[in-house]
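S.K.: Handing you a structure now.
The values are calculated or read from the model by the stated rules, or taken from the named source; none is laboratory data. Keep in mind that this is a model prediction, so the values were computed, not measured. Heads up, the Cβs are rebuilt from the backbone with ideal geometry, glycines too, and the neighbour counts pull from every protein chain shown. When the accessible area is computed, the model is the full protein with side chains, heavy atoms only, and any ligands, DNA or RNA have been set aside. Shrake-Rupley method; radii C 1.70, N 1.55, O 1.52, S 1.80 Å.
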Amino acid sequence: MSAISTQLFNIVVESMKGNFVLVLAGLVVLAVLVTYRFTKWKTEVDLARTDLQTRFDALRTDLKEFMQEIRDDIKSIRGRLPPQAIVSESPLRLTDFGEKIAEEVQVDEWVSGYVEELLNRVADSTPYAIQKLCFDYAQKELLVDLKKNSPDASWEETFKAAAYNNGVNLAQVMDVVGLVLRDKLLELLNIDRPE
């Protein structure tokens, strides 16, 4: 209670000694003051709650618009990305797009001459180690070997044409080669190939 209410209460108590009507009037005034203070407080709380709800609704609307903008941006970015040749879940495997690249460059013919050479290097390896070796081999050693030992550059034109025709880079074509090489080695080592 405020100081005024306390003083009023003291006055009421003092006046009770002499006049009942005055005491009753004092109680009525006290009740009116308490009701006024409570009503004022409740109004302030209601206004604050309404203001808070309005701000929260505006924030929620802004957040929804921002999230939709992010979704639209992601869709736009995804629309500009080339399709993936390899599914990026374990175990790695070619997508239909990767199969198309493999057929276009006739990857089975290219890797058949290198499988025997790699077989001794991976004899006691884990499937992951075999996969890593095949990707590294396709990206580095195979390209060097083809440049050094091929009398013509037809292989290079074939791989580059596949990259160009499919909107990917040469490294992605060589990843397809590495994955096919991995599958051939796993098959020869009687290790389950990914489905």
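S.K.: What accessible area, in Å² to the nearest ten, does a 1.4 Å probe give for V34?
M.R.: Roll a 1.4 Å probe over it and V34 shows about 70 Å².
S.K.: Here's a follow-up. Please build a GNM for the chain, connecting alpha carbons under 10 Å apart, and tell me which residue among K132, K40, K75 fluctuates the most.
M.R.: Greatest mean-square fluctuation among the candidates belongs to K40.
S.K.: Multiply the residue separation of Y128 and S150 by 0.36 nm, subtract the distance between their alpha-carbon atoms, and state the gained length in nm to one decimal.
M.R.: Additional length available on full extension: 4.9 nm.
S.K.: Starting from one equal scatterer on each C-alpha and no solvent at all, send me the Debye-based log10 I(q)/I(0) for the range 127-178 at q = 0.24, 0.28, 0.30, 0.32 Å⁻¹, two decimals.
M.R.: Those come out to -0.91, -1.06, -1.12, -1.17, one per q.
S.K.: Can you tell which of V176, V28, V144 shows the greatest fluctuation in a Gaussian network model of the chain with Cα springs below 10 Å?
M.R.: V28
S.K.: Between A3 and T50, what is the label-to-label distance in nm when each label sits 7 Å out along the Cα-to-Cβ direction?
M.R.: Roughly 3.3 nm, to one decimal.
S.K.: Let me ask something else. Describe numerically, in nm with one decimal, the distance between label points set 7 Å from Cα along Cα→Cβ at E89 and at D192.
M.R.: Placing both labels 7 Å along Cα→Cβ, they lie 1.6 nm apart.
S.K.: Further, regarding this structure: Leaving ligands and nucleic acids out of the surface, order M67, M174 by accessible area at 1.4 Å, largest first. Before the final figure, lay out the partial values.
M.R.: Working: M67 80, M174 0 Å².
Result of the area sort, largest leading: M67, M174.
S.K.: Once the mean 1/r over all distinct Cα pairs of the chain is inverted, what Kirkwood radius in angstroms do you read off?
M.R.: Its Kirkwood hydrodynamic radius stands at 23.8 Å.
S.K.: Among the lysines, which have Cα under 27 Å from the Cα of K140 when same-chain residues fewer than 8 positions away are ignored?
M.R.: Cα-Cα hits under 27 Å: K100, K132, K148, K160, K184.
S.K.: Run the numbers on the chain and let me know its relative contact order in percent, using alpha-carbon pairs under 8 Å that are six or more apart.
M.R.: 20 percent
S.K.: Moving to a separate point now. Estimate the FRET efficiency between N120 and L81 by the formula 1/(1 + (r/R0)^6), using the beta-carbon distance for r and 30 Å for R0, to the nearest 0.05.
M.R.: Working: r = 39 Å, r/R0 = 1.29.
E between N120 and L81, to the nearest 0.05, is 0.20.
S.K.: A further question follows. Quick one: accessible surface of L47, probe radius 1.4 Å, all protein chains present, in square angstrom to the nearest 10.
M.R.: Around 120 Å² of this residue is reachable by solvent.
S.K.: Given the protein chains as shown and a 1.4 Å probe, how many square angstrom of I4 are accessible, to the nearest 10?
M.R.: Accessible area, nearest 10 Å²: 110 Å².
S.K.: Heavy atoms only, 1.4 Å probe, whole protein assembly: order D73, D192 by accessible area, highest first.
M.R.: D192, D73
S.K.: Quick one: which residues, 5 or more positions from R93 or on another chain, have an amide H under 5 Å from its amide H? H modelled 1.01 Å from N in the peptide plane, none for Pro or chain starts.
M.R.: When sequence neighbours closer than 5 places are left aside, the close amide H contacts are V87.
S.K.: Could you rank W41, W110, W155 by how accessible they are, 1.4 Å probe, largest area first? Working shown, then result.
M.R.: Values: W41 145, W110 60, W155 10 Å².
Solvent-accessible surface, decreasing: W41, W110, W155.
S.K.: From the P(r) of the range 71-131, can you give the percent of Cα pairs sitting at distances over 14 Å? Show your work: numbers first, answer last.
M.R.: Working: 1319 of 1830 pairs.
I get 72 percent for the Cα pairs in the range 71-131 exceeding 14 Å.
S.K.: Among I86, I130, I77, which one shows the highest mean-square fluctuation when the chain is modelled as a Gaussian network with alpha-carbon springs under 10 Å?
M.R.: I77
S.K.: Let me ask something additional. Just add up the charged neighbours of T54: K/R +1, D/E -1, any other residue whose Cβ is under 14 Å from the Cβ of T54.
M.R.: Here the charged neighbours net out to -1.
S.K.: Moving to a separate point now. Project the alpha carbons of the range 76-172 onto their principal axes and report the range along each, largest first, in whole Å.
M.R.: Principal extents (largest minus smallest coordinate, Cα): 46, 36, 19 Å.
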